[in-house]
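K.L.:
Please find one structure pasted underneath; my questions will follow.
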Amino acid sequence: MTASGPGDAPATGASAPVAVDLDRHVLGDPGAATTIVEYGDFECPYCAAAAPVLREVVEGSAGRVRLVFRHFPLFTKHPFALTAALAAEAAGEAFWPLHDLLFAHQDRLTDPDLAAHAQRAGVTGEVVGAAAQAHRPAVEADYRAGAADGARGTPTLFVDGRAYTGRVEVVALRTNLGLHR
């Protein structure tokens, strides 16, 4: 990603974008009837506040709701958002444990911090430097999809493809989704 933005077209002579599964980070039953897509930024305080709410909605839905997380690093506002997104991608199967740690420790997202968080999340490989840069196409694909979907800030939520504009609170989301306690 260049200083102009992660959603920019590749430089002249660059290879075509790599095909990326935009639904690769799913919390909940992958076959759930309802899908919430979140475009998020690990340095965004609103995303950090939304994370436990979204988890509670998914976990309390009896398998009816799944959450798909996609990266939308607002790197001009949040200097560590991009490297945190790359580290989360490099975490592989430990994405969700690292996701939770990154939101819990937004004030510590330097490369050494990311490596320490990854180790606590059970990641055995590297999540910074060249190892993280290998995951740039995935983060770029998420960002481009978010921009195309109309995301302008974080968190941006879509429920079954439609923008969600309500409060990111458990009761409001459950009501919107037709989930009754």
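K.L.:
Keeping to segment 56-75, report how many residues are without any contact (Cβ under 8 Å) to a residue 60 or more places away in the chain and either assigned to a loop (DSSP other than H, G, I, E, B) or of a type outside the set (Lys, Arg) (or both).
P.N.:
7
K.L.:
Can ALA90 be described as modelled with pLDDT of 95 or more, under 16 Å from the mean Cα position of the chain (by Cα) and under 23 Å from LEU22 (Cα atoms)?
P.N.:
Details: modelled with pLDDT of 95 or more: yes; under 16 Å from the mean Cα position of the chain (by Cα): yes; under 23 Å from LEU22 (Cα atoms): yes.
Here the answer is yes, as ALA90 does meet what is asked.
K.L.:
With respect to VAL53, determine if the residue is out of contact with any Phe, Trp or Tyr (no Cβ under 9 Å at 6 or more places or on another chain), part of a helix (DSSP H, G or I), open to solvent by less than 30 Å² (accessible area, probe 1.4 Å) and in contact (Cβ under 8 Å) with a residue 24 or more places away in the chain. Reasoning before the result, please.
P.N.:
On the way: out of contact with any Phe, Trp or Tyr (no Cβ under 9 Å at 6 or more places or on another chain): yes; part of a helix (DSSP H, G or I): yes; open to solvent by less than 30 Å² (accessible area, probe 1.4 Å): yes; in contact (Cβ under 8 Å) with a residue 24 or more places away in the chain: yes.
Spelling it out, VAL53 is indeed out of contact with any Phe, Trp or Tyr (no Cβ under 9 Å at 6 or more places or on another chain), part of a helix (DSSP H, G or I), open to solvent by less than 30 Å² (accessible area, probe 1.4 Å) and in contact (Cβ under 8 Å) with a residue 24 or more places away in the chain.
The values are calculated or read from the model by the stated rules, or taken from the named source; none is laboratory data. Predicted model only: the values in this text are computed from it and were never measured. FYI the Cβ positions are ideal-geometry reconstructions off the backbone, even for glycines, and counts take in every protein chain you see. Remember, those area values only see protein heavy atoms, side chains included, never the ligands or the DNA or RNA. Shrake-Rupley method; radii C 1.70, N 1.55, O 1.52, S 1.80 Å.
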